[in-house]
Every structure is written in C-alpha cells, then in structure tokens.
Amino acid sequence: ESEKEKDDMEFFYGSKTRLFNDEVSLSGNGPFEKLSVSFAMAQSIKLSFLEVRVEDTYDTTRAYPAELAETGAISLEQTEVSKMIGLLFIVKAGVNLESDMLSTPDFFWDNEEWEAVYKHALKYLEVDNRVNILNKRMEVMSEMFEMLRSQLEVRHATRLEWIIIWLIVAEVAIEIF
C-alpha cells in the first residue's frame with residue numbers, strides 16, 4: 001500500500017509575501033499572488049512524486065551491487081536490467097524533459113511582477129536543489145545499471161565462448177571417430 005505524505009503549512013495574510021517555517025504569508029487577497037505560490041507548490045509536489053519513484057527504484061536494486069561484490073555474479077537477466085534502465089530513463093525524462101521542473105510557467109511571461117513571488121516560493125521549497133540531488137542520484141543509478149549490464153554481457157560472452165569450445169570439441173571428436 002502506498003504511503004501518504006502530509007505536509008502542513010499555515011496560511012495567513014501579512015504585510016508582505018513570505019514563506020518561512022512552514023508558514024505562507026500573503027500580502028493581499030489577489031489571485032495572482034496565490035497563483036504564483038501555487039505554481040511553486042505544484043512543482044514541488046511533482047518533484048516529490050519523482051523523488052519517491054527514484055527512491056523506490058533504488059530500494060529495489062540496491063542489493064545487486066552487494067550481490068555482485070559477494071558472489072561475483074548477479075541473479076538478473078538482461079531483460080530485467082534493460083527494464084530498470086528504461087524505468088530510470090522515464091523518470092529522468094520526467095524531471096528534465098517532460099515536466100516543468102526546470103522552466104518558469106508561461107503565466108509569468110504576461111505577469112512578470114509576480115515572478116519574484118514564484119521564485120521566492122521555489123527557493124523556500126528547495127526545488128532547484130532537489131532537482132540537482134535527484135539528477136545526481138539518477139546518474140549514480142544509471143552507472144550502476146550500466147555496470148550490471150556490462151556484467152551480464154560478460155556472462156553472455158563467456159557462455160558463447162563455451163558453446164564454441166564444445167562445438168569445436170564435438171567436431172574434432174566426429175573427425176577422429
């Protein structure tokens with residue numbers, strides 16, 4: 001069953017727009033100010049979803065490098081590693097290509113005066129830092145998957161070499177007898 005995460009923030013009107021200590025203070029009741037903060041919160045929530053996906057992928061695969069170190073082999077097949085690489089690519093694309101994580105919403109093209117509020121909320125929610133950390137985690141996982149794939153390719157090449165050796169032995173045996 002999936003875990004639910006709850007993050008409470010107090011909301012009130014104050015003298016200036018400010019996000020601090022899980023409190024959102026808005027300087028007015030206008031919709032653009034609320035929308036500016038909401039855009040940042042939405043990006044933070046989307047990023048949280050992607051962070052969970054990367055964490056789940058890591059949790060399901062972190063035993064394989066240890067298995068390789070202990071036994072010298074891994075219990076995965078090529079298709080399983082390829083699926084994991086594909087899943088990681090989907091998450092990478094979600095962060096860097098498909099989502100609006102790295103770009104400012106179009107709303108601020110026509111409403112530049114509210115972009116500072118949006119940027120302040122992004123900074124408070126640490127969206128840029130979290131995206132960088134997520135990208136670094138995905139880079140490490142990508143390297144791990146490539147190492148696993150390389151190990152599987154070596155295993156496959158070894159198997160083919162043994163097949164060739166046995167075919168040569170069989171051919172020699174047929175020629176002798």
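The values are calculated or read from the model by the stated rules, or taken from the named source; none is laboratory data. What you see is a predicted model; the values in this text were computed from it and never measured. Cβ coordinates were reconstructed from backbone atoms using ideal geometry, including for glycine residues, and neighbour counts include every protein chain displayed. Note: areas computed on protein heavy atoms with side chains; ligands, DNA, RNA excluded. Shrake-Rupley method; radii C 1.70, N 1.55, O 1.52, S 1.80 Å.
Here are the numbers for this structure:
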| read-out | value |
| --- | --- |
| With every protein chain in place, region 57-106: carbon and sulfur % of accessible area (1.4 Å) | 56 percent |
| Most mobile of D56, D106, D22 in a GNM of the chain (Cα contacts under 10 Å) | D106 |
| ³J(HN,Hα), Karplus 6.51/-1.76/1.60, whole Hz, each residue of region 74-88, x for Gly, Pro | 10, 9, 9, 9, 4, 5, 5, 5, 4, 5, 5, 5, x, 4, 5 |
| Region 1-54-region 120-177 distance, computed between alpha-carbon centres (Å) | 40 Å |
| Cβ-based charge dipole, region 75-145, positive-most Cα from L76, G94, Y118 | L76 |
| Most mobile listed residue (E146, E126, E77) in the chain, GNM with C-alpha springs under 10 Å | E77 |
| Correct choice for volume of the Cα convex hull per residue in Å³ that was computed from the model, options [x] 188; [y] 148; [z] 111 | [y] |
| Contact order normalised by residue count of the chain, Cα under 8 Å, 6+ apart, percent | 26 percent |
| Average accessible surface area per residue within region 115-177, 1.4 Å rolling probe, Å² | 73 Å² |
| Size of electric dipole in the chain: Cβ of Lys, Arg +1 and of Asp, Glu -1, about Cα centre, debye, nearest 20 | 160 debye |
| V140 accessible area, assembled protein chains, probe 1.4 Å, Å² | 90 Å² |
| Alpha carbon Rg of region 4-65, scaled by the compact-globule rule 2.2 N^0.38 Å | 1.59 |
| Area of I165 that stays accessible when all protein chains are in place (1.4 Å probe, Å², to 10) | 80 Å² |
| Radius 13 Å from Cβ of I133, net charge of other residues (Lys, Arg +1; Asp, Glu -1) | -2 |
| Furthest towards positive pole of dipole, V131, I85, W166, structure part region 41-177, Cβ charges | W166 |
